[in-house]
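To keep things clear, I will list the structure first and then write my remarks on it.
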Amino acid sequence: MSDVNDKLRVIPTDKPPTGACKVVGSFEPNLAIIPEHDLCPGCGEPVAIRQMLESIEDLGHTTNAIGVVGIGCYTAFTSLMDVDLIQALHGRAPSVATGAKRMRPGNLVFTLQGDGDMVNEGLQEVIHTAARGESVTCVLLNNGVFGETGGQMTSTTVLGQRTKNSLDGRDAETHGYPILIADLISRLQGAAYVARGSVHDAKNVHKTRRLLDRAFESQMKGQGFSFVEILTMCPTGWFIPTADGPDFLNDELAAIHKIGELKRDGILVDS
Amino acid sequence: MSRNENGPRGTIVLNAERCKGCELCIPACPPRVLRMSPNRNQSGYLVPELLEGCTGCNACLMVCPDFCFEVYKFEPATKSSEGQTGAGQ
Amino acid sequence: MTRKLMEGSEAIAEACVAAGCRFFSGYPMTPFTELLEHMARRLPEEGGTCINSESELEAIGHAWGAAATGYRAATGSTGQGLSLMQESMSEITRAEIPIVIFNIARGQGDYFQATRGGGHGDYRHIVLAPATVNEAVEITQLAFHLADKWRHPVVIYGDYLLGHTAEAVDVSAVDFGTLPDKDWAVDGRLGGTGKSKNINPIGMDKGTKGIEPARFWRALLEKEKKIAVEEPRFEVEGADDADYLIVTFGTLGRFAHTAVKNLREQGYKVGIFRPVTLWPFPKDALIEAAKGKKHVAVLEQNAGQMIDDVQLSLLGSVPITGIGGMSTDPSGFGVGPILDSDLIAARAKDAFEGKDVDAGVIE
């Protein structure tokens, strides 16, 4: 499906180039101990996690960060991420992060959770943590499915989305409506910075990085609770060809879970 | 994606063995110089190949879930007859 | 030594502070509520933190995070709240995080929950059951020490009576000896070194994919075996010359003490065996105390839970009868008719004489 001119030469890519050049991007982030992982082809989670790790490093928090990880496909990344971590139960990272930050207020404390984890099992935790204005940053990887268990519906699954337990597509009368969690959180007074990004193309990956930077900065400025939701591709859980992931995300998920900053410095952003 | 008379602006090194053939880099590349090749890695995945015209913009690296890309930008070439340097040439 | 009249909840709170506990979390529930209130008042005075958690699920989570950073942390509730905490308690035990958890229970019906490790999977945590406020003050400090010594949660089994009885207590800090550094705790400093930490309950390491479950489980089970050898605690009273033994735990110990005096006056030579650690259950000491006895009576405020451990220890070597029962008041908080040493003495006598005793419900 390429519109590339067949007369262009193929450039070998097996060795670094000779001549005057500089590296603009390294293979893996510095904070990845091992780069290999077994997540699906086309999974958006490693893309998001890379930006998060690079944000932590570039903001100077490599030796100051404590992450609390939920349970989902991304849990496998705990062996890869070179920052101090605490493994929490499904849905229960915000409370563990709260306890850690209360005792170590100088640390950058964040959670890393999926939508099934945070918005299904752990909805109470994240809401109360935000309402109390706990100085932690919750990072949500939202792909609209329970990926690790094979692709079931979560509370962020959009209407019409087919999953293993909504085979004809999510239907409002049978399954109710999705929860737009970033929007919900932004209404809580204790939430200072709330944003939703995506990783379906390079422009959005870049924007997501900025959102993460601002969320971490908000925490360290002592503004209160910060929250970054990142829409990620899950072609396996969406039952679509891998290469169709980005378009499905853009057309289906991002249409409902709208990308953008919702709250900055404690003030709702005009939409 | 026209050829730059001063030589290529950038290039990549691809760690083909890490690649899972997801093809996300293909549409992500602004000058559209990545395409899937007929080559497979040890895991059996088809891997991409690079055509002339890379600008070293990092887009492929940013969207790749498997950390397969190392991206380079060339220093502006001097106007000499041996200005055209490329990876492995 | 200055002694002050203090209600159990307050004394326990002061003991926590004396032990260096600087984090507490909880959700109000009778009869635990006062302990939360005291900690909410005291910890900020000591530079500590008390969180009013949104539910017991978050209370154990808050304490989990605080303890993972190396600070002495505690939480608690009553039996129902402990039920909610079980998943987390199981994970915390296997992640080897020291936390002290108070069950200010409504009676003694949570013995199984406490000693069988009410959550999923293979694990046990240390359980201490004080009989008096004075003992509770020492046991609370001991709990923090044992939790740190073994990197293991410790449950303190108290109850309404303990929480609401005032005794003259001295809550000075007790020194139980040196402890290893908490180099396992997370503080962020090893980030980027390749040796950063992951406090987790399944033995995941950094820098390698997958886990080696056998190695991980073996280490945990070895630790629990060591705890079972080194930490059983108990009190035995008047067993040497006795023909009969009453086995009891917690606040019922006081009532058993008076009942036994009563029985001795009636000519029955009765001793008392009181496990202080409900886990590890002091099996060897019980076997010793029960040697040569004609009958063992088990006194507990439930329909028969500790009696299982008594039977497992004595293996039919002596007749065993339950003389306790579920016993509560209309409020349901466990201040029931069984708390009567004359009644206890009468039931024990029936048991020793081979009569039937209904150990189900005492009204």
Where residues in region B:38-67 are within 8 Å of another protein chain (Cβ to nearest Cβ) and assigned to a strand (DSSP E or B), which of them is surrounded by the fewest Cβ atoms within 10 Å (Cβ to Cβ)? B:Glu49
I'd like to know if region A:169-184 contains one or more residues that are modelled with pLDDT of 95 or more, in a strand (DSSP E or B), closer than 29 Å to A:Thr62 by Cα and under 16 Å from the mean Cα position of the chain (by Cα). no
Tell me, yes or no, whether region C:302-309 has at least one residue that is surrounded by fewer than 16 Cβ atoms within 10 Å (Cβ to Cβ), acidic (Asp, Glu) and not in a helix (DSSP H, G or I). no
Kindly indicate which of C:Phe112, C:Phe102 is surrounded by fewer than 24 Cβ atoms within 10 Å (Cβ to Cβ) and either under 21 Å from C:Ala15 (Cα atoms) or not assigned by TED's automatic domain parsing to the domain that holds C:Met326 (or both). C:Phe112
Restricting attention to region A:30-38, does a residue exist that is within 14 Å of chain C (Cβ to nearest Cβ), in a helix (DSSP H, G or I) and surrounded by fewer than 23 Cβ atoms within 10 Å (Cβ to Cβ)? no
Expected output for region C:253-269 (first residue at positive phi, partner surrounded by 19 or more Cβ atoms within 10 Å (Cβ to Cβ) and of a type outside the set (Ser, Thr, Tyr), Cβ below 9 Å, 6+ apart or cross-chain) is none
Considering region A:215-233 alone, what residues qualify as being closer than 21 Å to A:Leu123 by Cβ, outside any strand (DSSP E or B) and either of a type in the set (A, V, I, L, M) or without any contact (Cβ under 8 Å) to a residue 12 or more places away in the chain (or both)? A:Ala215
Just name the residue that is nearest to the chain's Cα centre (by Cα) out of those in region C:152-181 that are farther than 21 Å from C:Leu252 by Cα and in contact (Cβ under 8 Å) with a residue 60 or more places away in the chain. C:Pro153
Among (1) at the interface with chain C (Cβ under 7 Å from one of its Cβ atoms); (2) in contact with a helix residue (DSSP H, G or I) (Cβ under 7 Å, 6 or more places away or on another chain); (3) of a type outside the set (Lys, Arg), there is one condition A:Gly91 misses while meeting the rest; what is its number? (1)
List the number of the failed condition for A:Val10; all other conditions in (1) at the interface with chain B (Cβ under 7 Å from one of its Cβ atoms); (2) in contact (Cβ under 8 Å) with a residue 24 or more places away in the chain; (3) among the aliphatic types (A, V, I, L, M) hold. (2)
Filtering region A:118-133 down to residues that are buried (at least 24 other Cβ atoms within 10 Å of the Cβ) and either assigned to a loop (DSSP other than H, G, I, E, B) or within 13 Å of chain C (Cβ to nearest Cβ) (or both) yields A:Gly122, A:Glu125, A:Val126, A:Thr129, A:Ala130
Can A:Phe248 be described as crowded, with 19+ Cβ neighbours inside 10 Å, part of a helix (DSSP H, G or I) and of a type in the set (Phe, Trp, Tyr)? yes
Does A:Gln161 satisfy being in a loop (DSSP other than H, G, I, E, B) and touching a residue at least 40 places away in the same chain (Cβ under 8 Å)? yes
Failed item, numbered, when A:Gly99 is tested on (1) away from every other protein chain (no Cβ under 14 Å); (2) of a type in the set (Gly, Ala, Ser); (3) over 17 Å from the mean Cα position of the chain (by Cα): (1)
With the checklist (1) of a type in the set (S, T, N, Q); (2) closer than 28 Å to B:Phe74 by Cα; (3) at pLDDT below 95 in hand, flag the one item A:Gln51 doesn't pass. (3)
Being surrounded by fewer than 22 Cβ atoms within 10 Å (Cβ to Cβ) and among the hydroxyl-bearing types (Ser, Thr, Tyr) is the filter here, so list the residues in region C:1-26 that pass it. C:Thr2
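The values are calculated or read from the model by the stated rules, or taken from the named source; none is laboratory data. If you're wondering where the values come from, they're calculated on a predicted model, not measured in any experiment. In this analysis, Cβ positions are derived from the backbone assuming ideal geometry, glycine residues included, and neighbour counts consider all displayed protein chains.
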